[in-house]
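Notes follow once the structure below has been shown.
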């Protein structure tokens, strides 16, 4: 065999190995389908030491309900605010910051930018928890725009990060009354089991 033929054989073998590796990876890759995960809710979750939340213009009662629910155990609150909600955030900060509780206002420039909202929540977890662990903090996605809400949820996909929502119902006077928070989490037992199969 001449050098050209040997080079061609090596190139064909390398291509076959590459294609085979890609096909094997695609075949063995498991998709996360609805039968492999579930979104679970937990009414009346435990009280947390840290609370990340959006300060929305129409959500003051929801903010207060969440803060009051977590009670004296709550040591740190981060209010993510847009330009239009800074006054509400300042009012909440003045009302709920005590000797044992710190309430921080965290500005968000663009309420319609999902990635910015995700980055702000991740920055709080990464740089501002002080002595708290991620497990001690819950993020409340009640009061933001849709992109803000999705950004927060994406930032909290890690099993050590918790999410809650403050539902509401109409009272006898026709006004919305916030209820106790509900914790939401992603449960993937079937995915874990299937990944253990040969």
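Among the residues of the stretch 142-166, those that are in a loop (DSSP other than H, G, I, E, B), touching a helix residue (DSSP H, G or I) at 6+ places or on another chain (Cβ under 9 Å) and over 18 Å from residue 105 (Cα atoms) comprise 156, 158, 160, 161, 166.
Among the residues making up the stretch 75-91, those that are touching a strand residue (DSSP E or B) at 6+ places or on another chain (Cβ under 6 Å) and more than 20 Å from residue 127 (Cβ to Cβ) are 85, 88.
Looking for something out of contact with any helix residue (DSSP H, G or I) (no Cβ under 6 Å at 6 or more places or on another chain) and part of a loop (DSSP other than H, G, I, E, B) - is there at least one such residue anywhere in the stretch 46-55? Within the stretch 46-55, one or more residues are out of contact with any helix residue (DSSP H, G or I) (no Cβ under 6 Å at 6 or more places or on another chain) and part of a loop (DSSP other than H, G, I, E, B). It is to be established whether one or more residues within the stretch 133-141 are surrounded by fewer than 21 Cβ atoms within 10 Å (Cβ to Cβ) and closer than 23 Å to residue 85 by Cα. There is no residue in the stretch 133-141 that is surrounded by fewer than 21 Cβ atoms within 10 Å (Cβ to Cβ) and closer than 23 Å to residue 85 by Cα.
Criterion first (in contact with a helix residue (DSSP H, G or I) (Cβ under 6 Å, 6 or more places away or on another chain) and loosely packed, with under 15 Cβ neighbours inside 10 Å) does residue 79 satisfy it? Step through it out loud before you land on a result.
On the way: in contact with a helix residue (DSSP H, G or I) (Cβ under 6 Å, 6 or more places away or on another chain): yes; loosely packed, with under 15 Cβ neighbours inside 10 Å: no.
So residue 79 does not fit the description; no.
FYI, it's all coordinate maths here, none of it is from the lab. From a predicted model like this one, the values you see are computed outputs, not experimental measurements. FYI the Cβ positions are ideal-geometry reconstructions off the backbone, even for glycines, and counts take in every protein chain you see.
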